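The values are calculated or read from the model by the stated rules, or taken from the named source; none is laboratory data. All values derive from a computational prediction rather than experimental measurement. Cβ atoms come from the backbone with ideal geometry, glycine included; neighbour counts cover every protein chain shown. Quick note on the areas: whole protein, heavy atoms, side chains included, nothing else; ligands and nucleic acids left out. Shrake-Rupley method; radii C 1.70, N 1.55, O 1.52, S 1.80 Å.
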Amino acid sequence: MPSVRQLLDLQAVDLDLAARHRRLGEIRELLGNEGDLPELRVRVGDLGTSVKTIGARQDEFDTAIADQTGRIEKVEAKMYSGLVTSSRELADLQADAAMIGRQRSESEDALLGVLVELDDAQGELTETSERLERTETEWLVDQDGLAEERTVLEAEVAVLDEKRAAQAATVPPPELATYERVRETHAGYAVARMRSATCTSCRVGVPNKIAQTVRASASPVPCPNCGLLLLAD
Ligand SMILES: [Zn+2]
(Lines give C-alpha, C1' and ligand atoms only; values in the text may rest on other atoms or scores of the structure.)
Protein backbone atom coordinates (compact mmCIF):
# COMPACT_ATOMS: atom_id res chain seq x y z
CA MET A 1 0.00 0.00 0.00
CA PRO A 2 2.73 2.55 0.74
CA SER A 3 3.99 2.02 -2.79
CA VAL A 4 0.61 3.06 -4.25
CA ARG A 5 0.86 6.24 -2.17
CA GLN A 6 4.29 6.80 -3.71
CA LEU A 7 2.67 6.39 -7.11
CA LEU A 8 0.01 8.96 -6.18
CA ASP A 9 2.77 11.44 -5.22
CA LEU A 10 4.55 10.67 -8.48
CA GLN A 11 1.30 11.26 -10.36
CA ALA A 12 0.95 14.69 -8.71
CA VAL A 13 4.41 15.66 -9.98
CA ASP A 14 3.72 14.21 -13.42
CA LEU A 15 0.44 16.15 -13.69
CA ASP A 16 2.25 19.35 -12.70
CA LEU A 17 4.87 18.64 -15.34
CA ALA A 18 2.27 17.85 -18.00
CA ALA A 19 0.40 21.12 -17.32
CA ARG A 20 3.64 23.10 -17.65
CA HIS A 21 4.64 21.32 -20.85
CA ARG A 22 1.19 21.97 -22.26
CA ARG A 23 1.49 25.69 -21.53
CA LEU A 24 5.04 25.74 -22.93
CA GLY A 25 3.65 24.25 -26.15
CA GLU A 26 1.02 27.00 -26.34
CA ILE A 27 3.70 29.64 -25.74
CA ARG A 28 5.87 28.15 -28.51
CA GLU A 29 2.92 28.60 -30.89
CA LEU A 30 2.25 32.18 -29.76
CA LEU A 31 5.82 33.48 -29.72
CA GLY A 32 6.61 35.14 -33.05
CA ASN A 33 3.04 34.58 -34.29
CA GLU A 34 1.90 38.02 -35.42
CA GLY A 35 -1.81 37.16 -35.68
CA ASP A 36 -3.79 39.99 -37.34
CA LEU A 37 -0.76 42.28 -37.76
CA PRO A 38 0.29 41.39 -41.33
CA GLU A 39 -3.29 41.83 -42.56
CA LEU A 40 -3.56 45.22 -40.83
CA ARG A 41 -0.27 46.37 -42.35
CA VAL A 42 -1.50 45.47 -45.84
CA ARG A 43 -4.75 47.33 -45.16
CA VAL A 44 -2.91 50.48 -44.06
CA GLY A 45 -0.75 50.26 -47.21
CA ASP A 46 -3.81 49.90 -49.45
CA LEU A 47 -5.61 52.81 -47.76
CA GLY A 48 -2.49 54.99 -48.15
CA THR A 49 -2.48 54.21 -51.87
CA SER A 50 -6.14 55.09 -52.31
CA VAL A 51 -5.72 58.38 -50.38
CA LYS A 52 -2.91 59.27 -52.81
CA THR A 53 -5.01 58.32 -55.84
CA ILE A 54 -7.97 60.39 -54.66
CA GLY A 55 -5.59 63.26 -53.81
CA ALA A 56 -4.29 63.19 -57.39
CA ARG A 57 -7.86 63.46 -58.69
CA GLN A 58 -8.45 66.44 -56.39
CA ASP A 59 -5.34 68.11 -57.88
CA GLU A 60 -6.67 67.51 -61.39
CA PHE A 61 -9.97 69.21 -60.58
CA ASP A 62 -8.21 72.08 -58.78
CA THR A 63 -6.09 72.66 -61.89
CA ALA A 64 -9.11 72.44 -64.21
CA ILE A 65 -11.08 74.93 -62.10
CA ALA A 66 -8.14 77.36 -61.99
CA ASP A 67 -7.81 77.05 -65.75
CA GLN A 68 -11.53 77.66 -66.30
CA THR A 69 -11.47 80.67 -63.97
CA GLY A 70 -8.52 82.06 -65.93
CA ARG A 71 -10.36 81.61 -69.20
CA ILE A 72 -13.50 83.33 -67.87
CA GLU A 73 -11.40 86.27 -66.63
CA LYS A 74 -9.77 86.57 -70.04
CA VAL A 75 -13.12 86.58 -71.84
CA GLU A 76 -14.59 89.10 -69.39
CA ALA A 77 -11.51 91.32 -69.67
CA LYS A 78 -12.01 91.37 -73.40
CA MET A 79 -15.73 92.07 -73.01
CA TYR A 80 -15.15 95.02 -70.70
CA SER A 81 -12.03 96.36 -72.42
CA GLY A 82 -14.07 98.71 -74.58
CA LEU A 83 -12.21 97.37 -77.59
CA VAL A 84 -15.06 95.11 -78.67
CA THR A 85 -17.89 97.20 -79.90
CA SER A 86 -19.85 94.85 -82.14
CA SER A 87 -22.92 93.66 -80.25
CA ARG A 88 -22.68 90.32 -82.11
CA GLU A 89 -19.10 89.83 -80.93
CA LEU A 90 -20.08 90.87 -77.38
CA ALA A 91 -22.91 88.38 -77.40
CA ASP A 92 -20.48 85.64 -78.52
CA LEU A 93 -18.08 86.53 -75.71
CA GLN A 94 -20.91 86.45 -73.21
CA ALA A 95 -21.97 83.03 -74.49
CA ASP A 96 -18.33 81.84 -74.18
CA ALA A 97 -18.10 83.06 -70.60
CA ALA A 98 -21.40 81.39 -69.75
CA MET A 99 -20.30 78.07 -71.30
CA ILE A 100 -16.97 78.03 -69.44
CA GLY A 101 -18.87 79.00 -66.28
CA ARG A 102 -21.10 75.92 -66.69
CA GLN A 103 -18.03 73.74 -67.19
CA ARG A 104 -16.44 75.19 -64.06
CA SER A 105 -19.61 74.56 -62.14
CA GLU A 106 -19.51 70.90 -63.22
CA SER A 107 -15.86 70.68 -62.17
CA GLU A 108 -16.74 72.16 -58.78
CA ASP A 109 -19.52 69.61 -58.25
CA ALA A 110 -17.16 66.78 -59.17
CA LEU A 111 -14.51 68.23 -56.84
CA LEU A 112 -16.99 68.20 -53.95
CA GLY A 113 -17.60 64.48 -54.54
CA VAL A 114 -13.86 63.82 -54.60
CA LEU A 115 -13.35 65.81 -51.38
CA VAL A 116 -16.00 63.71 -49.60
CA GLU A 117 -14.32 60.54 -50.88
CA LEU A 118 -10.93 61.83 -49.75
CA ASP A 119 -12.26 62.68 -46.31
CA ASP A 120 -13.70 59.17 -45.90
CA ALA A 121 -10.50 57.49 -47.08
CA GLN A 122 -8.34 59.66 -44.82
CA GLY A 123 -10.60 58.91 -41.86
CA GLU A 124 -10.36 55.19 -42.46
CA LEU A 125 -6.59 55.42 -42.94
CA THR A 126 -6.17 57.26 -39.64
CA GLU A 127 -8.40 54.82 -37.79
CA THR A 128 -6.69 51.75 -39.24
CA SER A 129 -3.20 53.19 -38.64
CA GLU A 130 -4.09 53.82 -35.01
CA ARG A 131 -5.47 50.31 -34.68
CA LEU A 132 -2.28 48.91 -36.21
CA GLU A 133 -0.13 50.90 -33.80
CA ARG A 134 -2.24 49.80 -30.82
CA THR A 135 -2.15 46.15 -31.93
CA GLU A 136 1.62 46.29 -32.43
CA THR A 137 2.13 47.72 -28.94
CA GLU A 138 -0.15 45.13 -27.36
CA TRP A 139 1.58 42.39 -29.32
CA LEU A 140 5.00 43.42 -28.07
CA VAL A 141 3.76 43.52 -24.46
CA ASP A 142 2.16 40.07 -24.91
CA GLN A 143 5.34 38.67 -26.41
CA ASP A 144 7.39 39.98 -23.48
CA GLY A 145 4.91 38.45 -21.05
CA LEU A 146 5.03 35.12 -22.84
CA ALA A 147 8.83 35.08 -22.89
CA GLU A 148 8.87 35.79 -19.16
CA GLU A 149 6.28 33.11 -18.49
CA ARG A 150 8.35 30.65 -20.49
CA THR A 151 11.45 31.39 -18.43
CA VAL A 152 9.51 30.77 -15.21
CA LEU A 153 7.94 27.57 -16.54
CA GLU A 154 11.28 26.21 -17.74
CA ALA A 155 12.80 26.77 -14.31
CA GLU A 156 9.81 25.05 -12.68
CA VAL A 157 10.08 22.11 -15.10
CA ALA A 158 13.77 21.70 -14.23
CA VAL A 159 12.93 21.53 -10.50
CA LEU A 160 10.02 19.14 -11.11
CA ASP A 161 12.15 16.92 -13.36
CA GLU A 162 14.65 16.48 -10.53
CA LYS A 163 11.90 15.87 -8.01
CA ARG A 164 10.32 13.34 -10.36
CA ALA A 165 13.58 11.47 -10.88
CA ALA A 166 14.20 11.31 -7.12
CA GLN A 167 10.68 10.05 -6.43
CA ALA A 168 10.70 7.53 -9.28
CA ALA A 169 13.99 6.11 -7.99
CA THR A 170 12.29 5.02 -4.75
CA VAL A 171 9.49 3.10 -6.53
CA PRO A 172 10.15 -0.59 -7.29
CA PRO A 173 10.70 -0.97 -11.07
CA PRO A 174 7.75 -3.34 -11.75
CA GLU A 175 5.32 -0.93 -10.06
CA LEU A 176 6.82 1.99 -11.90
CA ALA A 177 6.27 0.06 -15.15
CA THR A 178 2.62 -0.60 -14.18
CA TYR A 179 2.19 3.09 -13.32
CA GLU A 180 3.58 4.19 -16.69
CA ARG A 181 1.38 1.71 -18.57
CA VAL A 182 -1.85 2.81 -16.84
CA ARG A 183 -0.94 6.49 -17.16
CA GLU A 184 -0.46 6.19 -20.90
CA THR A 185 -4.02 5.00 -21.46
CA HIS A 186 -5.74 7.22 -18.86
CA ALA A 187 -4.76 10.74 -19.91
CA GLY A 188 -1.86 10.98 -17.47
CA TYR A 189 -3.70 9.47 -14.50
CA ALA A 190 -2.68 6.14 -12.95
CA VAL A 191 -3.93 6.26 -9.36
CA ALA A 192 -7.38 6.84 -7.85
CA ARG A 193 -8.35 6.93 -4.21
CA MET A 194 -10.82 4.32 -2.99
CA ARG A 195 -13.22 5.74 -0.43
CA SER A 196 -15.91 3.57 1.27
CA ALA A 197 -15.19 0.83 -1.25
CA THR A 198 -15.90 3.18 -4.15
CA CYS A 199 -13.42 4.34 -6.77
CA THR A 200 -13.34 8.16 -6.50
CA SER A 201 -12.41 8.46 -10.17
CA CYS A 202 -15.18 6.51 -11.90
CA ARG A 203 -17.50 6.52 -8.83
CA VAL A 204 -18.29 2.84 -9.24
CA GLY A 205 -18.37 0.56 -6.18
CA VAL A 206 -15.46 -1.81 -5.77
CA PRO A 207 -16.54 -5.40 -4.91
CA ASN A 208 -15.79 -6.25 -1.25
CA LYS A 209 -13.22 -8.88 -2.01
CA ILE A 210 -11.22 -6.58 -4.24
CA ALA A 211 -11.62 -3.70 -1.76
CA GLN A 212 -10.08 -5.94 0.90
CA THR A 213 -7.19 -6.79 -1.40
CA VAL A 214 -6.67 -3.09 -2.08
CA ARG A 215 -6.43 -2.42 1.67
CA ALA A 216 -4.10 -5.36 2.34
CA SER A 217 -1.98 -5.70 -0.79
CA ALA A 218 1.50 -4.22 -1.03
CA SER A 219 1.31 -4.05 -4.83
CA PRO A 220 -1.12 -1.93 -6.90
CA VAL A 221 -4.62 -3.30 -7.57
CA PRO A 222 -6.59 -1.78 -10.49
CA CYS A 223 -10.19 -0.60 -10.23
CA PRO A 224 -12.24 -3.33 -12.00
CA ASN A 225 -14.28 -0.63 -13.72
CA CYS A 226 -11.86 2.09 -14.91
CA GLY A 227 -8.49 0.41 -14.50
CA LEU A 228 -6.85 3.08 -12.32
CA LEU A 229 -4.68 1.75 -9.48
CA LEU A 230 -6.64 2.04 -6.22
CA LEU A 231 -5.28 3.65 -3.08
CA ALA A 232 -7.27 2.83 0.08
CA ASP A 233 -8.03 5.95 2.09
ZN1 LIG B 1 -12.56 3.32 -11.13
- Task: Just the number, please: carbon plus sulfur as a percent of the accessible area of the chain, 1.4 Å probe, no ligands or DNA/RNA counted.
- Result: 53 percent
- Item | Efficiency of FRET between residue 177 and residue 200 - r from beta-carbon atoms, R0 25 angstrom, step 0.05 | 0.55
- Per residue accessible area in Å² of the range 90-227, where ligands, DNA and RNA are left out and the probe is 1.4 Å: 63 Å²
- Query: Roughly how many whole Å is it from the C-alpha centroid of the range 7-73 to that of the range 157-221?
  - Reply: 51 Å
- Between helix 37-79 and the chain: long-axis angle, C-alpha atoms, 0 to 90°, nearest 10: 10 degrees
- Describe numerically, in nm with one decimal, the distance between label points set 7 Å from Cα along Cα→Cβ at residue 122 and at residue 15. 6.2 nm
- Task: Using a cut-off of under 16 Å, list every residue of the range 1-44 whose amide N is near the label point 7 Å from the Cα of residue 156 along the Cα-to-beta-carbon line.
- Result: 12-28
- Query: So what is the 222 nm mean residue ellipticity for the chain from helices alone, if each DSSP H run of at least 4 adds -39500 (n - 2.57) and you divide by all residues, rounding to the nearest 500 deg cm²/dmol?
  - Reply: -28000 deg cm²/dmol
